[in-house]
Protein chains: 2
Amino acid sequence: MASIDGVLETALYVDDLDRADRFYADVLGLARLYSDTRMRAFAAGARSVLLLFRRGASLETVRMAGGTIPPHDGSGPLHVAFAVAAEQLPLWRERLRAANIAIEGQTTWPRGGQSIYFRDPDGHLLELATPGLWAVY
Amino acid sequence: MASIDGVLETALYVDDLDRADRFYADVLGLARLYSDTRMRAFAAGARSVLLLFRRGASLETVRMAGGTIPPHDGSGPLHVAFAVAAEQLPLWRERLRAANIAIEGQTTWPRGGQSIYFRDPDGHLLELATPGLWAVY
């Protein structure tokens, strides 16, 4: 029975790779895994990789020694949620305030988790969510 | 020190919610967590939730008893990679063949992992990747 262990990579498409890189590294504190002029990859916890692609730069098939990666791209303000521990949420509010990033929305979920919402420099809607949102979290 | 535990939610935007739902439930075998006329949520392993939004349906702020969810949306063939165990890859090739889904690309990574690439009904580029792709996987 074929099964899936989890989402490994989530991709966002950005206008300015260096600007986005600074945001995800410096404000969100993600560890850089890979960097070139076309893309960046960040570790966002165990087995969670956030990919940033320069918009338009992933529209051609990538041909490497090991094979090919087909084209993809995106526009619009996409959405990604990150898992954070409940006791981390006050620290995140403080960090976002220090970075002058506005909290655009917040939610207390029926199951008990809490979320805060804000934007990255490209307008993507980011969420920090504490456990108790989904049955699997 | 504020920290992130992982990517919790990855969102795709689709033209036909029922068609996409059938693909993710029946072909990829993901378990449905939530369903309405605006969106679907699927469990893709522990603490990994895949969200499908009807394109345009998430462009208005959602106001609920617990708070608000700001707008987001997307277009273009986005990219999501799922983690699968190495011994699962042959089973996935067989399942995709049985569902008449073409493998559009494949890669053997320098660190030893393998990936196969195919499309969902909306043209999003999906990847199944075995361990040995990233330093964190």
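The values are calculated or read from the model by the stated rules, or taken from the named source; none is laboratory data. Not measured: the values here are computed from a predicted model. Reconstructed Cβ throughout: ideal geometry from the backbone, glycine too, with neighbour counts over all protein chains shown. The protein model used for the area step is the full one, side chains on, heavy atoms only, and it has no ligands, DNA or RNA in it. Shrake-Rupley method; radii C 1.70, N 1.55, O 1.52, S 1.80 Å.
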- request: Kindly report the accessible area of chain A per residue (heavy atoms of protein chains, probe 1.4 Å, no ligands, DNA or RNA), in Å².
  value: 41 Å²
message: Restricting to Cα pairs below 8 Å that are 6+ residues apart, what does the relative contact order work out to for chain A? Please round to a whole percent.
response: 20 percent
query: Per-residue ellipticity at 222 nm for the protein assembly as shown, helices alone: DSSP H runs ≥ 4 residues times -39500 (n - 2.57), over residue total, nearest 500 deg cm²/dmol?
result: -3000 deg cm²/dmol
Copy-to-copy label separations for A:Arg38, where each label sits 7 Å from Cα toward Cβ, in nm and ascending: 3.8
- prompt: Summing +1 for each Lys or Arg and -1 for each Asp or Glu, what net charge is found among the other residues whose Cβ lies under 13 Å from the Cβ of A:Phe53?
  reply: -4
task: Would you mind checking the tilt of helix B:89-98 against the longest principal axis of the Cα atoms of chain B, expressed as 0 to 90 degrees and rounded to 10?
output: 70 degrees
field: Surface share of carbon and sulfur [accessible, 1.4 angstrom probe, percent] for the protein assembly as shown
entry: 51 percent
query: Quick one: label points 7 angstrom along Cα→Cβ at B:Ala135, distances to the other copies in nm, smallest first?
result: 3.8
- prompt: Averaged across the residues of A:61-73, what count of C-beta atoms belonging to other chains lies within 10 Å of each residue's C-beta?
  reply: 6
message: Please compute the Kirkwood hydrodynamic radius over the protein assembly as shown, one decimal place, Å, based on all pairs of different Cα atoms.
response: 18.8 Å
field: Pairwise centroid distance, computed over Cα atoms, of the range A:15-79 with the range A:90-137, Å
entry: 22 Å
- line: When B and A pair up, the total accessible heavy-atom area removed from solvent (1.4 Å probe), in Å² to nearest 100, is 5500 Å²
task: State, to one decimal in nm and shortest first, how far the label point of B:Gly123 sits from each corresponding label point in the other identical copies (label point: 7 angstrom along Cα-to-Cβ).
output: 2.0
message: Just to be sure I understand: chains B and A are related by a rotation, so which residue of B has its Cβ closest to that axis, and how close in Å?
response: B:Thr10, 2
message: Per-residue Cβ counts within 10 Å, from other chains only, averaged over A:100-107: what number is that?
response: 3
task: Report P(r) for chain A: all Cα-Cα distances, bin width 10 Å, range 0 to the bin holding the largest distance, values in whole percent.
output: 11, 38, 35, 14, 3
query: Once you list every other residue whose beta carbon is under 14 Å from the beta carbon of A:Phe118, what net charge do they have if Lys and Arg are +1 and Asp and Glu are -1?
result: -1
field: Span per principal axis, largest first, for the Cα atoms of the range B:1-73 (Å)
entry: 41, 28, 20
